[in-house]
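> So that we are looking at the same thing, I have put the structure below in structure tokens.
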Amino acid sequence: MKNILFICTEGFDTPGPSNHLISSLIEDMLESGFKVTLIQSRRTKINDDLPDTLKDKEHLNVNIVNRKVLEKNSFVLRYLEEASYAFKCYKIWRKIKDVDAVFVQSCPTVIFSILLLKFFLKKPILYSVQDMWPGSAVNSGVLSNRVIANIFYKIQKLAYKNSDLLTVISEDMKTKVVEQGVPKEKIYPIVNWFDDRTVHEVSWEENRFVKKYNLSKDKFYVQYAGTMGYVFDYKMVLNVAELLKEYKEIQFQMIGQGSQKDAFIEEKEKRGLDNIIFYPLEPQDMVSDVYSTCSICLIPLKKGIIGNSVPSKAGLLMACNRTIVNSVDRNSDYYRLFNENEMGISASNHSPKEVASAILDLYQNKEKRKRMAKIGQDFGRKYYSRSVNTQKFINLFHKMVTVERKK
């Protein structure tokens, strides 16, 4: 039985956008006959260490590393703490004798894990790139020092070089990685999927989020649900909401947490925009209910983000039969994907007027909205579903192990 070592950046106890991806991938790998050794952290204890779908699973061995909760703005302390986590993981996996291949998640300190694995474990490494460091930090304005950024770019290239395979979550991201000197044949685009076993449209009458907040069916809800961090362009939401404030039926639902939420709320209050309503983060089992609440979804990303990261919520929204309006870079593959397939609308992240016009178009044209949502739903089943994309990972692990055993 092939044993795959999973080294995760965070643990399931801490809510995060990748939790559902990792849990479903591990579950499907176990069902495909793999043994999985998981190393993860325990930081916030908000959730259980394992989701119910992985509890008491045969051939799943779980190792926990206790970690501290640090302030988001303490970059140096966070970086050092993440680096120390890599060495704590090393102490665990050094004792494991039957590893065939390794899965490593992206994070700013991933180089430490990759180099330790390369020199001491000497098994093939699959580096799963979810968020390109430092590209996303540079383009979002978090990292403005060019000298430091260049140092991190060079470190990241070392991580690419010492990995056997790379998975990225879009063609745009593949282009970015190739630009950094990585051979195309080493890179495999695998999108962030939705769980086609559990995620689905929930009717208004049965919707738990609707009932929880006593929402009105007469409103047109423009929703963003997710992390309100540095890649999230809250100023675009403010500007668009201001342009549409005369339309009393249009309400902007902002659901979740993040480092930019306080600034977002403060600016919203200053402008007197009562068409923006904030809601707290909902648990993972509420995903279908939350996304089924909106009339349309707005995904506003800052300039330059789309090649370094990709919104994982797109597939989830498609599964819930909802139309997406993107505010992204006009020259990106992601921008073209929605407009050319007519499964949503992509507008330039330079133009609040263009974004507002897209929202108004869908508000006034229900049939167009329904048609785009259906096209998106069909597209999502074909390209964004769990069953399609976890199999791509499974095939890569089979390939890695076969090549390794032939050496």
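Laboratory data are not the source of any read-out in this text; all were calculated from the coordinates shown. All of these numbers come straight from a predicted model, not from anything done at the bench. Positions of Cβ are backbone-derived with ideal geometry, glycine not excepted, and every protein chain shown enters the neighbour counts.
> Among 156-165, 44-53, 344-353, how do they line up from the highest to the lowest mean number of other beta-carbon atoms within 10 Å?
Peptide ranking by packing, descending: 344-353, 156-165, 44-53.
> For the stretch 79-91, take each phi angle, set θ = phi - 60°, evaluate the Karplus expression 6.51 cos²θ - 1.76 cosθ + 1.60, and give the result in whole Hz per residue in order, putting x for glycine and proline.
Rounded to whole hertz, the list is 4, 5, 5, 5, 5, 5, 4, 4, 6, 5, 5, 4, 4.
> Can you list the HN-Hα couplings for the stretch 378-391, worked out from phi with the Karplus curve (6.51, -1.76, 1.60; θ = phi - 60°), rounded to whole Hz and with x for Gly and Pro?
My calculation for the stretch 378-391 gives 5, 5, x, 4, 7, 10, 10, 7, 4, 4, 6, 8, 5, 5 Hz in order.
> Using DSSP, restrict attention to beta bridges with both residues in the stretch 204-383 and report what percent are antiparallel, rounded to the nearest 5.
Antiparallel: roughly 5 percent of the beta bridges in the stretch 204-383.
> Using the crude model of +1 on Lys and Arg Cβ and -1 on Asp and Glu Cβ, and no other charge, please compute the dipole size for the stretch 49-142 relative to its Cα centre, in debye to 20.
440
> Which whole-Hz ³J(HN,Hα) couplings does the stretch 273-282 yield from phi under the Karplus relation 6.51 cos²θ - 1.76 cosθ + 1.60, θ = phi - 60°, glycine and proline marked x?
Taking θ as phi minus 60°, the curve returns 8, 7, 8, 10, 10, 9, 10, x, 4, 9 Hz for the stretch 273-282.
> In whole angstrom, note down how far apart the Cα centers of the stretch 317-360 and the stretch 96-150 are.
30
> Could you grab the relative contact order for the chain? Cα pairs under 8 Å, six or more apart, rounded to a whole percent.
15 percent.
> For the pairs Lys313/Lys382; Lys97/Lys382; Lys2/Lys55; Lys97/Lys118; Lys123/Lys186; Lys91/Lys186, note any where the Cα-Cα span goes beyond 27 Å.
Lys97/Lys382; Lys91/Lys186
> Enumerate the amide H contacts of Ser140 below 5 Å, restricted to partners 5 or more residues apart or on another chain; note that Pro and chain-start residues carry no placed amide H.
Answer set, sorted by chain and number: none.
> Same structure again: Grab the Cα-Cα distance for His59 and Phe120, subtract it from 0.36 nm times how many residues apart they are, and report the gain in nm with one decimal.
Working it through step by step, the gained length comes to 19.6 nm.
> Which percent, nearest 5, of DSSP beta bridges in the chain are antiparallel?
Here the antiparallel bridges make up roughly 5 percent for the chain.
> Further question on the same structure: Starting from the Kirkwood radius over alpha-carbon pairs of the stretch 220-318, derive D by Stokes-Einstein at 10 °C in a medium of 1.306 mPa s and give it in µm² s⁻¹.
For these conditions, the coefficient is 114 µm²/s.
> Follow-up. Looking at the P(r) of the stretch 204-383, how many percent of alpha-carbon pairs lie beyond 21 Å?
Everything past 21 Å amounts to 45 percent.
> What do you get for the angle between helix 234-243 and the principal long axis of the chain? Use alpha-carbon atoms, 0 to 90 degrees, nearest ten.
Helix 234-243 sits roughly 10 degrees off the main axis of the chain.
> In addition: Round to the nearest 0.05 the FRET efficiency obtained for Glu354 and Gln180 when R0 = 30 Å and r is the Cβ-Cβ distance.
Step by step, r from the Cβ atoms, then E = 0.45.
> Moving on. Calculate the FRET efficiency for Leu70 and Lys248 from the Cβ-Cβ distance with a Förster distance of 25 Å, rounded to the nearest 0.05.
Step by step, r from the Cβ atoms, then E = 0.05.
> Of the options Ser348, Ile375, Ile299, report the single residue whose Cα projects farthest towards the positive end of the charge dipole of the stretch 204-383 (beta-carbon charges: Lys, Arg +1; Asp, Glu -1).
Ile375
> Set the bar at 23 Å for Cα to Cα. Now go through Lys184/Lys392; Lys270/Lys366; Lys217/Lys370 and name every pair that lies beyond it.
Those over the limit are Lys270/Lys366.
> Long-range amide H contacts for Lys35: which residues qualify at under 5 Å (H placed 1.01 Å from N, peptide plane, sequence gap of 5 or more or a different chain)?
Lys2, Asn3, Ile4
> So, one more: For q = 0.14 Å⁻¹, what log10 I(q)/I(0) does the stretch 110-169 give under the Debye formula with an equal point scatterer on each alpha carbon and no solvent?
Scattering profile of the stretch 110-169, log10 relative to I(0): -0.42.
> Specify which labelled value, from (i) 151; (ii) 242; (iii) 139, agrees with volume of the Cα convex hull per residue in Å³ derived from the coordinates of the model shown.
Given (i) 151; (ii) 242; (iii) 139, the calculated one carries the label (iii).
> Under the rule of -39500 (n - 2.57) per DSSP H run of 4 or more residues, summed and divided by the residues of the chain, what mean residue ellipticity at 222 nm is obtained, to the nearest 500 deg cm²/dmol?
-13000 deg cm²/dmol
> Can you compute the charge dipole magnitude of the chain about its Cα centre, using +1 on each Lys and Arg Cβ and -1 on each Asp and Glu Cβ, nothing else charged? Give it in debye, rounded to the nearest 20.
With only Lys, Arg, Asp and Glu charged at Cβ, the dipole is about 1340 debye.
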